[in-house]
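First comes the structure, then the notes that go with it.
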Amino acid sequence: MSFAADVQKFSRMASQSLEKTARAVEIQVFAEVINLSPRRTGRFVGNWQISQGAPTDGELAREIEKQQAINEMNEVVAALKGGGVTFMANNLPYAHRLEFDGWSKQAPQGMVRRTVARFNQIADEAARKNRV
């Protein structure tokens, strides 16, 4: 192989590694938020919505288990085009109270804030796993 071919191969591998790392971070962050979410009826868990480009608005009329929400989120993330900004939103009127007001004994410190506090750790783990 020539030097130019070696550089091209490494560039492809690095690009793939970067995309795998970004997806792994998205999946881990979103899964943690869902797992930390309080679940009484499944309505709050069922209203976590993943989108790209802009956050979603509106509510979903459904109640689901956490694993179903995580599975659906994995499918959405896998289908997203790389390089865009991905959003996670929950538009239920009481979402803010659950996150910031200690409204739930299941998640008194919120879900998103706890996950964001671990973001660097999550990103470092994903980068190590996908290293070129």
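The values are calculated or read from the model by the stated rules, or taken from the named source; none is laboratory data. Treat the numbers as computed from the prediction; the structure is a model and nothing was measured. When we count neighbours, we look across all protein chains shown, and the Cβ atoms used for this are built from the backbone with ideal geometry, even at glycine. These accessible areas exclude ligands, DNA and RNA; they are computed on the full protein's heavy atoms, side chains included. Shrake-Rupley method; radii C 1.70, N 1.55, O 1.52, S 1.80 Å.
Across the stretch 114-119, computed HN-Hα scalar couplings (Karplus, 6.51 cos²θ - 1.76 cosθ + 1.60, θ = phi - 60°) run 5, 6, 4, 4, 9, 4 Hz from first to last residue, x flagging Gly and Pro. Taking Cβ atoms as reference points and 15 Å as the exclusive limit, the residues near GLY84 contribute a net charge of 0, counting Lys and Arg as +1 and Asp and Glu as -1. If the chain linking GLU65 and SER17 were pulled fully straight, counting 0.36 nm for each residue of separation and taking away their Cα-Cα distance, it would gain 14.1 nm.
Partner lysines whose Cα lies under 20 Å from the Cα of LYS105, excluding those fewer than 8 positions away in the same chain, are identified as LYS66. With θ taken as phi - 60° and the Karplus curve 6.51 cos²θ - 1.76 cosθ + 1.60 applied, the whole-hertz 3J(HN,Hα) list for the stretch 34-48 is 5, 5, 7, 5, x, 9, 9, 10, x, 5, 5, 4, x, 9, 6 Hz, x standing for glycine and proline. According to the Kirkwood relation over distinct C-alpha pairs, the hydrodynamic radius of the stretch 54-132 is 15.1 Å.
Taking one quarter of the surface of the convex hull spanned by the alpha-carbon atoms of the stretch 1-67 gives a direction-averaged projected area of 6.4 nm².
The slack in the chain from ALA127 to GLN106, taken as 0.36 nm per residue of separation less the alpha-carbon distance, amounts to 4.5 nm.
Considering the chain as a Gaussian network with a 10 Å cut-off on Cα pairs, which listed residue, PHE100, PHE30, PHE44, attains the greatest mean-square fluctuation? Maximum fluctuation in the GNM of the chain, among the listed residues, is at PHE100. Among ASN71, ASN35, ASN91, the residue with the largest mean-square fluctuation in a Gaussian network model of the chain, with springs joining Cα atoms closer than 10 Å, is ASN71. Pop the C-beta distance of ASN74 and PHE3 into the FRET formula with R0 = 41 Å and round what comes out to the nearest 0.05. Working from the Cβ atoms, E equals 0.55.
Over the chain, the alpha carbon radius of gyration divided by the compact-protein estimate 2.2 N^0.38 Å works out to 1.25.
On a per residue basis, the chain carries 64 Å² of accessible surface, using protein heavy atoms and a 1.4 Å probe. The stretch 89-132: D in µm²/s via Stokes-Einstein (Kirkwood Rh, Cα pairs, 4 °C, 1.567 mPa s)? Translational D for this selection: 108 µm²/s.
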